[in-house]
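Chemist: The structure that follows is given in the form of structure tokens.
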């Protein structure tokens, strides 16, 4: 099931395969792979964009190299924390990042996230595939995205649109 | 649509024959006999697939006399599309912040530590 729209060229695309418990996100960026790769691996850059806007993010560890591990938390206004952790299976500069991912609210759940960076000549296409361990888990993840969408609302998105254009 | 329902829809569509049945019903209502024609399987097997699709709320069998044609519930697909669209927008929201980060990096390329030294 694919959701695409005829919006600007950089719009995010999502594909949830009915036959495999995967979610594939594709997005293009107006920056070369070297720079996009840094934004994915350097914690002081990662903290600026990863995670829902309404939550504060704290990175406890972000050792983006082969065998390195990471842990970060998103914090609600009332102090509630949501932890995430995993290890970097492979970090291949400017090309590919393979890591495990666990949301600590579901401690037995783990997904394998593969990000690839494709050079489009000064621009970069990023493809992130999440392979989860069951269809139920995948569907729960998609459903959680709906929750975020409701809470953050379209106003936020409009803000960002005017900020970044 | 709750989590369980979404799961049932996704698993119902995990089977290629069922996906094909859905694609054909999208063109119009059809009876079990018509649906079974192109497949090298028994009527019973097709009925079984239809039961799964019915259980997921994707297909409804009307009480139209003896024919009981199968009807595709298009609104379920609309709901799924909406659901995925919300997820897509959450990701897009993140990536628009990443756009801004990448822009700033352009202005100050020395920002940030080197990968090898990250979080050590």
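The values are calculated or read from the model by the stated rules, or taken from the named source; none is laboratory data. The structure presented is a predicted model; accordingly, all values stated were derived computationally and were not measured. Positions of Cβ are backbone-derived with ideal geometry, glycine not excepted, and every protein chain shown enters the neighbour counts.
Chemist: Return the residue satisfying two criteria in turn: it lies in region A:58-95 and is assigned to a loop (DSSP other than H, G, I, E, B) and in contact (Cβ under 8 Å) with a residue 40 or more places away in the chain, and of such residues it is nearest to the other protein chains (Cβ to nearest Cβ).
Modeler: Keep residues of region A:58-95 that are assigned to a loop (DSSP other than H, G, I, E, B), which gives A:63-68, A:76-80, A:93-95.
Add one more test, that the residue is in contact (Cβ under 8 Å) with a residue 40 or more places away in the chain, and what stays is A:93-95.
Numbers: A:93: 7, A:94: 10, A:95: 13 Å.
Across region A:58-95, the extreme among qualifying residues is A:93.
Chemist: Can we say residue A:87 is surrounded by fewer than 20 Cβ atoms within 10 Å (Cβ to Cβ), closer than 24 Å to residue A:133 by Cα, at pLDDT 95 or above and touching a strand residue (DSSP E or B) at 6+ places or on another chain (Cβ under 6 Å)?
Modeler: Working: surrounded by fewer than 20 Cβ atoms within 10 Å (Cβ to Cβ): yes; closer than 24 Å to residue A:133 by Cα: yes; at pLDDT 95 or above: yes; touching a strand residue (DSSP E or B) at 6+ places or on another chain (Cβ under 6 Å): yes.
Spelling it out, residue A:87 is indeed surrounded by fewer than 20 Cβ atoms within 10 Å (Cβ to Cβ), closer than 24 Å to residue A:133 by Cα, at pLDDT 95 or above and touching a strand residue (DSSP E or B) at 6+ places or on another chain (Cβ under 6 Å).
Chemist: Return the total of residues in region A:12-41 being part of a loop (DSSP other than H, G, I, E, B) and in contact with a strand residue (DSSP E or B) (Cβ under 8 Å, 6 or more places away or on another chain).
Modeler: 6
Chemist: Could you grab me the full set of residues in region A:47-57 that are touching a strand residue (DSSP E or B) at 6+ places or on another chain (Cβ under 6 Å) and not in a strand (DSSP E or B)?
Modeler: If the condition is that a residue be touching a strand residue (DSSP E or B) at 6+ places or on another chain (Cβ under 6 Å) and not in a strand (DSSP E or B), then A:47, A:51, A:55 are the ones that fit.
Chemist: Looking at region B:76-96 only, could you name the residues that are in contact with a helix residue (DSSP H, G or I) (Cβ under 7 Å, 6 or more places away or on another chain) and either modelled with pLDDT of 90 or more or more than 7 Å from chain A (Cβ to nearest Cβ) (or both)?
Modeler: B:76, B:96
Chemist: Now for a different question. Count, please, the residues in region A:14-39 that happen to be facing chain B (nearest Cβ under 7 Å), crowded, with 16+ Cβ neighbours inside 10 Å and under 30 Å from residue B:16 (Cβ atoms).
Modeler: The number of residues fulfilling the criteria is 5.
Chemist: Also, I was wondering about something else. Please determine, by comparing only the residues of region A:40-57 that are without any contact (Cβ under 8 Å) to a residue 40 or more places away in the chain, within 8 Å of chain B (Cβ to nearest Cβ) and touching a helix residue (DSSP H, G or I) at 6+ places or on another chain (Cβ under 8 Å), which one is surrounded by the fewest Cβ atoms within 10 Å (Cβ to Cβ).
Modeler: Per the stated criteria, the residue is A:48.
Chemist: I would also like to ask the following. Against the condition within 24 Å of residue A:11 (Cβ to Cβ) and at pLDDT 95 or above, how does residue A:94 come out, does it pass? Write out each step before concluding.
Modeler: Values: within 24 Å of residue A:11 (Cβ to Cβ): yes; at pLDDT 95 or above: yes.
It is true that residue A:94 is within 24 Å of residue A:11 (Cβ to Cβ) and at pLDDT 95 or above.
Chemist: Report whether or not residue A:136 is at pLDDT 90 or above and either surrounded by fewer than 17 Cβ atoms within 10 Å (Cβ to Cβ) or touching a helix residue (DSSP H, G or I) at 6+ places or on another chain (Cβ under 7 Å) (or both).
Modeler: When the stated conditions are applied, residue A:136 does not pass them.
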